[in-house]
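J.: Please find one structure pasted underneath; my questions will follow.
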Amino acid sequence: MALMPQAELDVTARLVRALLEEQLPAISGLPLEPVANGWDNVIYRLGKDWAVRLPRREAAAQLVLHEQQYLQTYARHSPVPLPSPVHSGRPSADYPWHWSVTPWLDGISAALVPQATRNAAALDMAAFLIAIHVPAAPGTPVNPVRGVPLETRSDALLGRLEDSGRYPGAPRLRKLWSEACMAAPWAGPGLWLHGDLHPANILLRPDGRLAAVLDFGDLGAGDPAVDLAVAWLMFDGGARQRFMAAIGPAVDAGTWSRARGWAVLLATAMVSFSDDNPQMSSIGRFALDQLLSEPR
């Protein structure tokens, strides 16, 4: 069984309360409720208006610092709210990493709605990516595994595809990957990226309009194709065509080929390492179904 990365520290409500009492005593008495426990971070809702975001393993600790340093600048480009930190928490005697308090953003996770509702966000998602995919500020970090040349991720992807029981469509997925790696590389400046854009990080209104985008731990500068993989991670055929058409001529065929490669890479990671996370596994399997069912 392949599981999510193990937490290196148990981020309990008692620990979070102690951090708040030490560093934010004015709001430390508000109700505290756990709402998410992902690969990298634990999220608690604090009262009605705030969320507390804390790394659960050391690999995520630097990513929180990136959010604290860059997300406010990034958010100025976004047409929807983003969880920009309003407090940058410090390590304590009991907790070794930086952490954040952000606004609580209302919406329904796109991972929890019917496909038709998810499809209704296609044009809004295109508008969001057009808005944020602008040249990043000098010194913006480059994520070593997102928005980078695809061939640097080949060993990881091809290793996963050796599991023929998990991936009966492996030959076709290898071909899609090979085509993506042969596409012309990104030649422009590094653009602002989300880096981990999939339904569990997207909030929708009840009518399917985009409400907010979450989890910017992988933000950085690089090839925008990694974010365009959401075309397969979130939408089915008709909605995907609407999304791609709305993105328009700024994205060429080579970038869409690389985006398809990123979809293969991200979807297989979700399937291979989420046996204990049915929601994430379901997102990955949906994307693989979309990739494999497209006309050749």
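The values are calculated or read from the model by the stated rules, or taken from the named source; none is laboratory data. Please read these numbers as outputs of a predicted model, since none were measured by experiment. Note: ideal-geometry Cβ built from the backbone for every residue, glycine included; neighbour counts use all protein chains shown.
J.: Looking at the structure I just gave you, is Asp227 under 19 Å from Gly284 (Cβ atoms), within 10 Å of the chain's Cα centre (by Cα) and modelled with pLDDT under 95?
T.: no
J.: Within segment 38-58, can one find any residue that is more than 22 Å from Gly217 (Cα to Cα), charged (D, E, K, R) and in the same structural domain as Pro96 (by TED's automatic domain parsing)?
T.: yes
J.: Now a separate question. I want to confirm something. Restricting to segment 76-86 and keeping residues that are touching a residue at least 40 places away in the same chain (Cβ under 8 Å) and surrounded by 16 or more Cβ atoms within 10 Å (Cβ to Cβ), which single residue is nearest to Pro55 (Cα to Cα)?
T.: Of everything passing the filter in segment 76-86, Pro83 is nearest to Pro55 (Cα to Cα).
J.: Before we move on, is Ser281 touching an Asp or Glu at 6+ places or on another chain (Cβ under 8 Å), free of Cβ contacts under 8 Å to residues at least 24 places away in the same chain, of a type in the set (Gly, Ala, Ser) and at negative phi?
T.: For Ser281, the condition - touching an Asp or Glu at 6+ places or on another chain (Cβ under 8 Å), free of Cβ contacts under 8 Å to residues at least 24 places away in the same chain, of a type in the set (Gly, Ala, Ser) and at negative phi - is met.
J.: Turning to a different aspect of this structure: For segment 43-52, which positions are surrounded by 14 or more Cβ atoms within 10 Å (Cβ to Cβ) and either farther than 20 Å from Gln68 by Cα or out of contact with any helix residue (DSSP H, G or I) (no Cβ under 8 Å at 6 or more places or on another chain) (or both)?
T.: Ile43, Arg45, Ala51
J.: For Gln62, which of the numbered conditions (1) more than 16 Å from Asp218 (Cβ to Cβ); (2) free of Cβ contacts under 8 Å to residues at least 12 places away in the same chain; (3) under 18 Å from the mean Cα position of the chain (by Cα) fails to hold?
T.: Of the numbered conditions (1) more than 16 Å from Asp218 (Cβ to Cβ); (2) free of Cβ contacts under 8 Å to residues at least 12 places away in the same chain; (3) under 18 Å from the mean Cα position of the chain (by Cα), the odd one out for Gln62 is (1).
J.: Would you please name the residue that is modelled with the lowest pLDDT, looking only at residues in segment 58-75 that are surrounded by 15 or more Cβ atoms within 10 Å (Cβ to Cβ) and farther than 18 Å from Gly139 by Cα?
T.: Per the criteria, the residue is Ala60.
J.: If only one of Ser78, Ser100, Ser92, Ser84 is more than 19 Å from the chain's Cα centre (by Cα) and either on the phi > 0 side of the Ramachandran plot or modelled with pLDDT of 95 or more (or both), which one is it?
T.: Among Ser78, Ser100, Ser92, Ser84, only Ser92 is more than 19 Å from the chain's Cα centre (by Cα) and either on the phi > 0 side of the Ramachandran plot or modelled with pLDDT of 95 or more (or both).
J.: Also, I was wondering about something else. For segment 82-105, what are the residues that are touching a Pro at 6+ places or on another chain (Cβ under 9 Å) and over 18 Å from Asn41 (Cα atoms)?
T.: none
J.: Show the residue pairs meeting these rules: Cβ distance below 8 Å; 6+ apart or different chains; first residue within segment 159-172 and touching a residue at least 12 places away in the same chain (Cβ under 8 Å) and under 13 Å from Leu291 (Cβ atoms); second residue surrounded by 15 or more Cβ atoms within 10 Å (Cβ to Cβ) and among the small types (Gly, Ala, Ser).
T.: Between residues of segment 159-172 that are touching a residue at least 12 places away in the same chain (Cβ under 8 Å) and under 13 Å from Leu291 (Cβ atoms) and residues that are surrounded by 15 or more Cβ atoms within 10 Å (Cβ to Cβ) and among the small types (Gly, Ala, Ser), the close pairs are Leu161/Ala170.
J.: Of the conditions (1) under 22 Å from His77 (Cβ atoms); (2) not in a loop (DSSP other than H, G, I, E, B), Ala267 fails just one. Which one is it?
T.: Every listed condition holds for Ala267 apart from (1).
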